[in-house]
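First the structure, in the form of structure tokens, and then the observations on it.
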Amino acid sequence: MHRERRPHREAPWGRAGADTPARPRVPRWLCAAAALCLSAQPDRAQALWDDRLELFAAQAVTHDDNVFRLSGASDPVATLGTPDKGDRFLTTTLGLNLDAPLGRQRVVGNFSWIRTRYEHFTVLDLDGYNGRAALQWQAGNDWSGRIGYEQSLALASLANMQEGVQSSTPNPLTQRRAVLEAAWRAAARWELRGEAAQLRQDNEAAERTVNDIVLDSAELILNYVTPAQNRLGLYFQGARGMLPNPELASGMLVDNSYRQERAGAVLEWTPSGHLRIDARAGWVSRSYADLPQRNFSDGTYGLTLRWTPTGKLELPLVVQNDISATEQINVSLVMARRVGLYPVWQLSEKSALRAVAENSNRSYHGEAGQVLGTVPPRSERVRAVGLAFAYRPLRALTLDLSWRRETRAATVPDSDYDADIASLSARIAF
């Protein structure tokens, strides 16, 4: 997909034209699927397939007052070539959602083409996409599962750091994930679940290709199921992360590939009609191919409470102490202790108010530079608060107004930041 070139301010961090890397094209299978569905005429009786198919378009305008997540101590002129850290950008989205039952099976999926254009920092312009397709299958009364595939192209977060260094280079990141899930109801009270998955991440920016990864994983869960469909079980997960591009650290090439194991207990409990509890606790262990001093093991837990005291108010609470599944542009392991509250208040049939309050303490482990003495141990605290108001004046039209504030305090000098992001969007579906 060709992207037009537009003039913009020349700056040390990038220039439009020959210095700007070519953007990856949208895969042909995604283009074909989108074209087939979007070409349908919106005849209410047939084209929308009795509400199994939804076509939609959305337009958003966003202002971010610290696009590159610069520290308050940094000089934006030296880094960006301009005194302005903020920018306004437009996001245009075209897409579809599919939910089609086929007997006892179900086909679900969605595709979005996402066009982002900045007013000043046009080096961040991107034509991205997000696609997902899955077959939810049922065989008899005892077997069920899912076969799925996901693929996306988007810019990796500019807030992420690697070996203590934050980059201002745009990095289009392609992610692909294939998954096979199966569940067997072995007896009235016992259930065995399994999942096999592969995740692939490819970074376009040359300095970030060291983070390219192929992550293969498999998980088994044995659950005891009560008549009320509550579950208590044990799980085991094994994973192998293969990073094909070695990292140059202290003059030596380091293989960051690793093996990882998890084990523990899970709980899914609905004590009342107003409360749902999902919990997981266990142990995780990771061993690296090179520099075994980086090996890591620790206890983990996660708790999600969904409390609905009234029919119009929902109060989800998340408490977590766990490592991230994989970092977008970071070869290290990040241990996060997070607390998040995400209330939703249904003001009326046409309007809703959502909020977010998060606090996350993140510590970095497994970096080659830490073991070799070139990078000091580091940690950070990230906080976020936000509000969003949604209004649906018509069945097919939704308007959203949102605001979010992020702050980071870190042990690495000049890596703290604060940012305010405000957005207004409209979405129409048919």
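Bear in mind that the values in this text are calculations on the coordinates, not laboratory data. Treat the numbers as computed from the prediction; the structure is a model and nothing was measured. For neighbour counting, all protein chains shown are included, and Cβ atoms are generated from backbone atoms with ideal geometry for every residue, glycine included.
Taking the Cα atoms of segment 222-381, what is the range of coordinates along each of the three principal axes, in descending order and whole Å?
Its Cα atoms span 62, 37, 23 Å along the three principal axes.
Please compute one quarter of the surface area of the Cα convex hull for the chain and express it in square nanometres. Write out the running numbers ahead of the final one.
Details: hull surface 90.6 nm².
One quarter of the hull surface, i.e. the mean projection, equals 22.7 nm².
Placing +1 on the Cβ of each Lys and Arg and -1 on the Cβ of each Asp and Glu in the chain, which of GLY81, SER144, SER157 has its Cα farthest towards the positive end of the resulting dipole?
Result: SER144.
Taking Rh as the Kirkwood radius, which is the inverse of the mean 1/r over Cα pairs, what is the Rg/Rh value for segment 52-117?
Values: Rg = 19.9 Å, Rh = 15.2 Å.
A ratio of 1.31.
Going 7 Å from the Cα of ARG200 toward and past its Cβ, which residues in segment 139-159 have a backbone nitrogen under 13 Å from where you end up?
Residues 150-152 qualify, since their backbone N sits under 13 Å from the label point.
So for each of 200-208, 361-369, 269-277 I average, over its residues, the number of other beta carbons within 10 Å; can you give me the resulting order with the highest mean first? Please list the in-between numbers first.
On the way: 200-208: 17.4, 361-369: 20.0, 269-277: 12.7.
Packing order, densest peptide first, comes out as 361-369, 200-208, 269-277.
So, with +1 on the Cβ of K and R and -1 on the Cβ of D and E, and no other charges, what is the size of the charge dipole of the chain about its Cα centre, to the nearest 20 debye? Could you put the intermediate results ahead of the total?
On the way: 50 positive and 48 negative charges, 223 e Å.
Once rounded to the nearest 20, the dipole reads 1080 debye.
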